[in-house]
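Take a look at the structure set out below.
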Amino acid sequence: EAMSGAEIRRRFIDFYVSRGHKQLPSSSLVPDDPTVLLTIAGMLQFKPIFLGQEKKKYDCCTTTQKCVRTNDIENVGVTARHHTFFEMLGNFSFGDYFKKGAIRYAWELCTTVFPLDPQRIWVSVFEDDDESFEIWEKVVGVPRERIVRMGEKDNFWSSGPTGPCGPCTELYYDFKPELGPEGADLEDDDRFIEFYNLVFMQYNRTASGELEPLEAKCVDTGMGLERMAQILQGKPNNYETDLIFPLIEKACSLAGKRYSDLDERSRQACKVIGDHTRAVVYLISDGVTPSNIGRGYIVRRLLRRVVLKGRLLGVPRGETFTPEVAKIAVEMSPGCDPEVRQNEQRVLAEMAREEQRFCKTLDRGEAILEDLLAAGGEVSGADAFMLYDTYGFPLEITQELAWERGVAVDVAGFETAMEEARLLSRSAHEQVDMTLNDYEGDLAKSVQPTEFCGYGDNLRCDATI
Ligand code: ATP
Ligand code: MG
Ligand code: MG
Ligand code: MG
């Protein structure tokens, strides 16, 4: 019998509690921190302690933290391991144990409590962190060939441009040990999955970019619950674990389909529905409501994407379906956040209202598309773009409806229209980490401020619908 997600969570917490860690609740998805829009990691609630701005109440603690990472939205259903909403299990030390303690705990937990085959665990260390390398090799006994030195992108962690940061060491699981160490690449997603990150919080990065040593050396870790479930349940991706699959099954049954019969594209739609529904439920429960700015805009985008994917999957028109899927997420929520159940009525009502509002816009767009199709000939790029820009129709939906009638869509023309609009827009070209600052809030402000009239051209969330 495979280990359930709930059991993985329980074992992680119990392990650290039995080693003197205080268990603390997840903090809200809306952080008490102006530098980030949403809670992206377990460390956020402890930032003032790391920085020495607040006195610690415990030497070390453990949590399961609900997280939302909008920068992973385009990976949802595309990679096997990324969500917008996920749970991060963590253990934290505030000047108590450091590298050796954290590495030994992690190894013991992973090889005895879960337990993973030690030979399938690979680790990465920051390129010049010889100390961690030695601990893995000499203290824990991981052979050198399974310890990989990596650069700043992967092995130096920070929650934003300023604030606490430090080198990290990560644990990966090998799905294909038969390939051996020769030429192995930890970035090969088919072979490896990163599941546990141990960050050695050692510096504060100041606004000018300097690294100041922190008063106390701290540890901040994060283990992805859904990724552990994928590994321990032997599933091909996070979505088919017991943490998310019940939502997908619900969506499928509403559409009168079976997941096992679906093609890749419909399966991807299911994954987005499962993922985004969880995100929306927890965000609304934490007080975020759909709107056109900031966090509210994120909820709106996520929910609207669920609606579109539902249409692709074939859920019946004229009935709200997102609250039905959401009920499953609410039912499963207490282990992560006991407040969601208390907020159930408010969450479901908000979702129903937003879904209905969006469906009205979609229906108007569909009527226009019907007229275009009836007029004969292909759908022009300009019209496809108008449907996208004004009625929230991703190109794929337009193509789908046109395809049913044997009509072509001028995709190249659509892209040209899109590009023209993009050139007109001011803020489209920056490469910014969307988890930082109020990037999305700023973007949302540059989009129509009143009624929502489709996605702005620079919000590519629906590009892969
Ligand atoms: P990846 O390289 O796979 O994108 P990451 O290095 O960005 O992951 P960390 O910031 O180190 O992730 O977060 C700690 C842990 O949280 C990861 O090891 C992983 O188990 C989990 N995690 C991170 N991002 C996601 C996500 N989008 N969905 C699910 N789990 C995640
Ligand atoms: Mg990532
Ligand atoms: Mg990584
Ligand atoms: Mg990482």
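Highest mean packing comes first when the peptides 263-271, 378-386, 147-155 are listed by Cβ atoms within 10 Å, giving 378-386, 263-271, 147-155. Applying Stokes-Einstein at 20 °C and 1.002 mPa s to the Kirkwood radius of the range 10-73, computed over alpha-carbon pairs, gives a translational diffusion coefficient of 166 µm² s⁻¹. Cα gyration tensor of the range 303-353, axes a ≥ b ≥ c as square roots of the eigenvalues: rounded (a/c below 1.5), prolate (a/b > b/c) or oblate? Prolate, because a/c is 1.5 or more and a/b exceeds b/c.
Note that the range 253-372, at 37 °C in a medium of 0.692 mPa s, gets a Stokes-Einstein diffusion coefficient of 221 µm²/s from its Kirkwood radius over C-alpha pairs.
Count the DSSP beta bridges whose two residues both fall in the chain, then state the antiparallel fraction as a percent rounded to the nearest 5. Bridges in the chain are about 85 percent antiparallel.
So which of LYS66/LYS235; LYS309/LYS360; LYS66/LYS257; LYS235/LYS271; LYS271/LYS327; LYS250/LYS271 end up more than 20 Å apart, counting from Cα to Cα?
On the way: LYS66/LYS235 22 Å; LYS309/LYS360 16 Å; LYS66/LYS257 30 Å; LYS235/LYS271 14 Å; LYS271/LYS327 17 Å; LYS250/LYS271 12 Å.
Pairs exceeding the cut-off: LYS66/LYS235; LYS66/LYS257.
For the residue pairs LYS138/LYS176; LYS22/LYS55; LYS99/LYS138, alpha carbon separations beyond 21 Å are given by LYS138/LYS176. Relative intensity of the range 5-233 on a log10 scale, I(q)/I(0) at q = 0.17, 0.18 Å⁻¹, equals -1.37, -1.56, per a Debye sum over C-alpha point scatterers of equal strength in the absence of solvent.
For the chain, what's the relative contact order in percent, using C-alpha pairs closer than 8 Å and at least 6 residues apart? Answer for the chain is 15 percent.
Classify the range 174-324: rounded, prolate or oblate, from the alpha-carbon gyration tensor (a ≥ b ≥ c, eigenvalue square roots; a/c under 1.5 rounded; otherwise prolate if a/b is larger than b/c)? Taking the square roots of the gyration eigenvalues as a ≥ b ≥ c, the range 174-324 is oblate.
For the pair the range 170-243 / the range 13-54, the C-alpha centres are spaced 18 Å from each other. The tail of the calculated P(r) for the range 264-312, taken as Cα-Cα distances beyond 19 Å, holds 25 percent of the pairs. Over every Cα atom in the range 1-113, the radius of gyration and the widest Cα-Cα span, Dmax, amount to 15.2, 46 Å.
If the Kirkwood radius is taken over C-alpha pairs of the chain, then at 25 °C and 0.890 mPa s the Stokes-Einstein diffusion coefficient equals 104 µm²/s.
Values quoted throughout were computed directly from the atomic coordinates according to the rules given, and no laboratory measurement underlies them. Fair warning: this is a prediction, and the values are worked out from it, not measured in the lab. Here the Cβ is made from the backbone with ideal geometry for all residues, glycine too, and neighbour counts use every protein chain on show.
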